[in-house]
Amino acid sequence: MPREIRINAFDMNCVGHIQQGLWTHPRDQSSRYTDIHYWTDYARRIEAGLFDGIFFADVVGVYDVLGASPDAAVRGAVQVPVNDPMLLIPAMAAATQHLGFGVTANLTYEAPFLFARRMSTLDHLTGGRIGWNIVTGYLDSAARAVGLTGQTAHDDRYDLADEYMQLVYQLWEGSWEDGAVLRDRARGVYADPALVHLVHHHGPQYKVDAMHLSEPSPQRTPVLYQAGSSTRGSRFAATHAECVFLNGQSQPGVRKIVDSIRGQAVQQGRMACDIKVFLGATVVTGRTDAEAQEKFAEYRRYVSSEAALVHAAASMGIDFAKYDIDEPIVTEKTQAIISNVEAMTRSAGPQWTRRKLLEQMVLGSRQAPWVGSADAIADTLVTWAEQADVDGFNLSRTVVPECFDDFIALVVPRLQERGAYKKAYAQGTLRAKLFGHDRLPASHPVAQYRVGPTTRG
């Protein structure tokens, strides 16, 4: 019996997300991103398809590495303009009952005390359906936007992140004991102050002496997502993450990363099953292979090579405008996404060029699309789950909403026939749906910050 495959829609509160240029397709509706009804309809669609959630990416800077200018990013709507994804979630949650929400927030630029309250609020308003994609950022433009001269070093950002996690864990788990909230109308006592504690954190980066302002939410700590696959990022994920988001072109390569992260987690006292892995995927499907290939060919006509280079340049920290089309790219160490540079070197060789990069970006990104009939796509997903030991997939949009409508109408029934996809939602919080319990387990480092008689997972 194959494992149950998990599916998230992967999107962003902007026009152009991953597949650059496809917003120009006449059937694409992503330019409606400022319309709340677009998002509530979106949520209803993917919940009808039994998606586990929507995974929101985000950036707080502009892609200005290509040509040392933001002009191409602005011209091609390459993740700019971009709005705050958190503000979409209450409306989407109100339109649904089961859909989960993984939202990206850059801890480098978020005050931990206020951020902890914001996530608790979302956990309350969604009935425990919120997750946090933990990122440390990779854009110098974001650092300059908040008054810094540039980013701190890649590994140093993860050191800061470790302390940040210690602090928000204390706020979520160690301030209000279970049982603190009484709601005793007769005595006029809402909560027992003896069971509400100040958090005293005095670290190298953060100092907080305060109680958490929110009463305990259904999950307390949101479901924790993380997308780092560098050596330092993998170690961070093994310590903190519940859901790990990976990109990769080969099954053996992805399997190696998955095994490494789970192995590191076990060494830290966690269980391998404490971590679910989601692979980034782009799917173009149809009733037949020919229909899917025809749709793929149509989509390709709207791809923007310039916009694709804008995104790649920023994520790798390399200005490709400095190189001729066939000139070997010099991959010096940058403070951007190290794993992206490593992945490109693995796939194209050490002497890769701008031409080789563009050849890979057939739909406007480096994520090679899977194109085929519904049966072929279902086979591909099941094979990847088995061979790479991944639990699910983050499906990046192409032409929206038809890309998700096609997947739901065509691929989901094939997966259900194979016993690889649910036919109904489980009840409960997002963590309960994914792992069977509302709270992080005792094996997670969060447990050391809990107070009171309970240590339940």
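Here are the numbers:
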read-out: Table column - 3J(HN,Hα) (Hz), segment 263-279, Karplus curve with 6.51, -1.76, 1.60, x for Gly and Pro; value: x, 5, 4, 5, 4, 8, x, 8, 9, 4, 6, 5, 10, 10, 10, 10, 9
read-out: Principal-axis tilt of helix 338-348 within the chain, Cα atoms, nearest 10 degrees; value: 30
read-out: Percent carbon-and-sulfur accessible area, segment 20-128, ignoring ligands, DNA and RNA, probe 1.4 Å; value: 56
read-out: Estimated [θ] at 222 nm from DSSP helical runs (n ≥ 4, -39500 (n - 2.57)) normalised by residues in the chain, nearest 500; value: -11000 deg cm²/dmol
read-out: With every protein chain in place, segment 177-220: carbon and sulfur % of accessible area (1.4 Å); value: 55
read-out: Per residue accessible area of the chain, 1.4 Å probe, in Å²; value: 40
read-out: Between segment 68-109 and segment 205-257, the Cα center-to-center distance that results, in Å; value: 18
read-out: Amide H partners (placed H, <5 Å) of A442, local residues excluded; value: G457
read-out: Dipole of segment 38-127 [Lys/Arg +1, Asp/Glu -1 at C-beta], most positive-end residue of A77, A48, F101; value: A48
read-out: Global form of segment 344-453, assessed from the alpha-carbon gyration tensor, a/c cut-off 1.5; value: oblate
read-out: Listed residues L358, Q416, V65: farthest to the positive end of the dipole of the chain (Cβ charges); value: Q416
read-out: Nonlocal amide H pairs with F393, under 5 Å, H built at 1.01 Å; value: R6, I7, N8, L279
read-out: Charge dipole (the chain, unit charges on Cβ, about Cα centre) - positive-most of S373, L122, A161; value: L122
read-out: Dipole moment magnitude, nearest 20 debye, the chain about Cα centre, only Lys, Arg, Asp, Glu C-beta charged; value: 680
read-out: DSSP bridge pairs, the chain: antiparallel proportion in percent, nearest 5; value: 15
read-out: Out-of-range pairs (alpha-carbon distance over 27 Å; input K207/K276; K322/K356; K276/K422; K256/K322); value: K207/K276; K256/K322
read-out: Total charge dipole magnitude, segment 264-325, about the Cα centre, Cβ charges on Lys, Arg, Asp, Glu only, Debye to nearest 20; value: 240
read-out: Centre separation in Å (Cα based) which lies between segment 267-324 and segment 347-413; value: 7
read-out: Derived scalar couplings ³J(HN,Hα) [segment 53-61; Karplus, 6.51 cos²θ - 1.76 cosθ + 1.60; whole Hz; x for Gly, Pro]; value: x, 10, 9, 8, 7, 6, 9, 10, x
read-out: Carbon + sulfur, % of accessible area of segment 284-323 - ligands and nucleic acids excluded, 1.4 Å; value: 45
read-out: Integer Hz, Karplus 6.51/-1.76/1.60 couplings in order for segment 82-98, x for Gly and Pro; value: 9, 9, 5, x, 4, 6, 7, 5, x, 5, 5, 5, 5, 8, 9, 10, 10
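The values are calculated or read from the model by the stated rules, or taken from the named source; none is laboratory data. Only a predicted model underlies this, so the values are computations on that prediction, with no experimental measurement involved. Neighbour counts run over all protein chains shown; Cβ positions are idealised from the backbone, glycine included. Accessible surface areas use protein heavy atoms only, side chains included; no ligands, DNA or RNA. Shrake-Rupley method; radii C 1.70, N 1.55, O 1.52, S 1.80 Å.
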